[in-house]
1. Rounded to the nearest 500, what is the 222 nm mean residue ellipticity of the chain from helices alone, with -39500 (n - 2.57) per DSSP H run of 4+ residues and division by all residues?
2. Rounded to a whole number of µm²/s, how large is the Stokes-Einstein D of region 94-147 at 20 °C and 1.002 mPa s, given Rh as the Kirkwood radius over C-alpha pairs?
3. For region 76-157, run through the GluC sites (Glu not before Pro) and keep only the ones in DSSP coil with at most 16 other Cβ atoms within 10 Å of their Cβ.
4. Along its three principal axes, how long is region 108-352 when you only count alpha carbons? Whole Å, largest extent first please.
5. Less than 16 Å apart at the alpha-carbon level, and either on another chain or at least 8 residues along: which lysines does that give for LYS268?
6. First obtain the Kirkwood hydrodynamic radius of region 207-270 from its Cα pairs, then insert it into the Stokes-Einstein equation at 20 °C and 1.002 mPa s, and state the resulting D in µm² per second as a whole number.
7. May I ask you to list the GluC sites (Glu not before Pro) in region 227-333 that are in a DSSP loop and have at most 13 other Cβ atoms within 10 Å of their Cβ?
8. Measuring from centroid to centroid over Cα atoms, what is the spacing of region 222-276 and region 146-200 in Å?
Amino acid sequence: MTAIDETKLQQLLGQIVADFGATMFAALTRIGDKLGLYKALAGTEPQTPAELAARTGTAERYVREWLNANAAGGYVTYHPERGRYSLSPEQALVLAMEGSPAFMLGAFEMALAAGRIEPKLAAAFVSGEGVGWHEHEHQLFHGIERFFRSGYAANLVSSWIPALEGVDVKLKAGAAVADIGCGHGASTILMAQAYPNARFTGFDYHQASIEAARARAAEAGVADRVRFEVATAKSYPGQNYDLVTVFDALHDMGDPVGAAAHVRATLKPDGTWLIVEPYAADCVEANLHPIGRAYYSGSTLMCTPNALDQEGAMALGAQAGEARLRAVLAEGGFTRIRCAAQTPFNLILEARP
């Protein structure tokens, strides 16, 4: 038997304890989100468990335990000299201010929902068959919307679109835009709000998501210039789009090359395709860090099963990397491809015919 390195063993056990605690704690973030506990803590003087319970219509004994779990994880600030709890401005930005660029509760909603079909996913591990996006519980799609919207709100209009050659000017003048794999329409609606002269159509194969997107557009007051239709990336209708966008969805497609070819066929000769993908290096070893683990895990639960359920079943995965993405775009007929921008979480590619 190989000798055990006690230091390495203790390090691994320490990590597992942290991960175990985080896994248990994830459900508490959802409870705090649903019951308004985080929001009731934000922007106020420190509160006792009884005060927070009274403000939120909850039971003090549950709230006290919830607060201590949050304080142990650094999500809530505990004031021991007063027996009270509060949210710092930074904690409030992440946990209580939906719409802020740092809001992260959607990540927990997404992660917990993704695991609810674990028996079906385990069976797919054995059979090799796919598990379609539509086979997940609808809560997953709400979590996806909330999680990704924060990043899009922080970057899409302020930096990603301006990084594209001539696109900002076209949108201001009144461009035609197709947003493929739009889900609940967060990206489509953000663009429509920023560019009132442009016209936007969001496409997604998932009927329930399209219905949700239509409701979101009406709530946002942009339904007059945004429409949502059910269609796949390889069959969506329309021609002569100035801009086609795909946000965090190309790697989910079974035939991304076929999708790329269809995008090229629907663009104007001087049109632009904006592709936003999870950031990844081109080699596995460079992605072995906390962000990479989150993306590989999400890819295992959602992205890869969905691609394997579709025609083509290329299954790029959420950590495809720029080189593989460029190869897909080139095979689809694009000749001018460049990395227009990037963040620690996103890779933004611009492709032109």
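Each reported figure results from applying straightforward, stated rules to the coordinates on display, with no laboratory input. All values reported here derive from a predicted model rather than from experimental measurement. We place every Cβ from the backbone using ideal geometry, glycine too, and count neighbours over all the protein chains shown.
1. Roughly -14500 deg cm²/dmol at 222 nm, from the helical runs in the chain.
2. After rounding, the answer is 176 µm²/s.
3. Of the GluC sites (Glu not before Pro), the ones in loops of region 76-157 whose Cβ has at most 16 other Cβ atoms within 10 Å are GLU81, GLU98, GLU129, GLU137.
4. Each principal axis gives a Cα extent; for region 108-352 these are 52, 38, 31 Å.
5. LYS268 reaches LYS170.
6. D = 163 µm²/s.
7. Loop-located and lightly packed - GLU311.
8. 13 Å
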